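S.K.: Quick one: this structure, given as structure tokens, is what I'll be asking you about.
We did not get these values from a lab; they are worked out from the coordinates using the rules stated. Quantities reported herein were computed from a predicted structural model and do not represent experimental measurements. Positions of Cβ are backbone-derived with ideal geometry, glycine not excepted, and every protein chain shown enters the neighbour counts.
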Amino acid sequence: MATVSVTGAELLDTLQKFICELTGIPSGNVQAGQQNRKSMPKGDFIIMTPMATDSMSTNAVAYRFNPQSNVSEEVHTRTSVWRCQLDFYGPSAQENARIIATLYRSDYSCEWFRRNKAEKGLALLSPLYSTDPHQTTMINGEQQYENRWTCDIHTQIPSDIIVPQQFMTNVSVTANLIDANYPPENV
């Protein structure tokens, strides 16, 4: 069965920790988007909606041999960019959007992800850039306007697909003498 090196849930978990640390918003108020039967949190909150994973290269194939196992791995790697839409709500929506959009374009975010990959074992994301935040109209169920600001982040992610690969570790060859000509002759 094929597996991926980093799952969508791991990407969102890592991004959530980054956002919470910078904005001070509790983790329960930074959620994945497109969830059914879930009410919107109160106060400041952020919704993360993955939009696409764009391939930027063709596959590079590598093999990992494991001498202790019957099955080793074939790893298909390519450069991919993960796009995620961030929607900021609440009284501080504009300020929180500016904080994330500005710092996502900086060395600060690159160092944060590198440090937290080593210290906390989070997914290694490599921030590329963020779009500028803009206000997006949001009318709630009570037909009232909500303060909502949106930006898209673009991130280079590890994109390895791993499949099982068998290797031949030894071979036994024997020669048997037969009475035949090669190529066969017509008699």
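S.K.: So what is the relative contact order of region 77-187, in percent, for Cα pairs below 8 Å that sit 6 or more residues apart?
M.R.: Answer for region 77-187 is 36 percent.
S.K.: Quote the relative contact order of the chain in percent (integer), defining contacts as alpha-carbon pairs under 8 Å separated by 6+ residues. Intermediate values should be presented prior to the final figure.
M.R.: Numbers: 332 pairs, mean separation 48.7, N = 187.
Relative CO of the chain lands at 26 percent.
S.K.: Quick one: how many lysine pairs in region 3-165 have C-alpha atoms under 27 angstrom apart, if they're 8 or more apart or on different chains? Provide the component values of the computation, followed by the final result.
M.R.: Values: Lys17/Lys38; Lys17/Lys42; Lys17/Lys117; Lys17/Lys120.
Counting lysine pairs in region 3-165 gives 4.
S.K.: With axes computed from alpha carbons, what is the tilt in degrees of helix 107-120 against the longest principal axis of the chain, rounded to the nearest 10 within 0 to 90?
M.R.: 60 degrees
S.K.: Right, something else. Seen from all sides and averaged, what is the projected area of the convex hull of the Cα atoms in the chain, in nm²?
M.R.: Over all viewing directions, the chain projects a mean Cα-hull area of 19.1 nm².
S.K.: Measure nothing fancy, just the Cα-based angle from helix 8-23's long axis to the longest principal axis of the chain, in degrees from 0 to 90, nearest 10.
M.R.: Roughly 30 degrees between the two axes.
S.K.: Just to be sure I understand the model, the point goes 7 Å from the Cα along the line to the Cβ. What's the resulting Ala62 to Lys120 distance in nm?
M.R.: The modelled label-to-label distance comes out at 2.6 nm.
S.K.: Which residue, Tyr104, Leu128, Phe45, has the largest displacement toward the positive end of the dipole of region 3-165 when charges sit on each Cβ (Lys, Arg +1; Asp, Glu -1)?
M.R.: Selected residue: Phe45.
S.K.: Which value, in debye to the nearest 20, describes the size of the charge dipole of region 3-165 about its Cα centre when Lys and Arg Cβ atoms bear +1, Asp and Glu Cβ atoms bear -1, and nothing else is charged?
M.R.: Dipole of region 3-165, to the nearest 20 debye: 160 debye.
S.K.: For n ≥ 4 DSSP H runs only, could you compute -39500 (n - 2.57) per run for the chain, divide by its residues and tell me the 222 nm figure to the nearest 500?
M.R.: So the calculated ellipticity at 222 nm is -7000 deg cm²/dmol.
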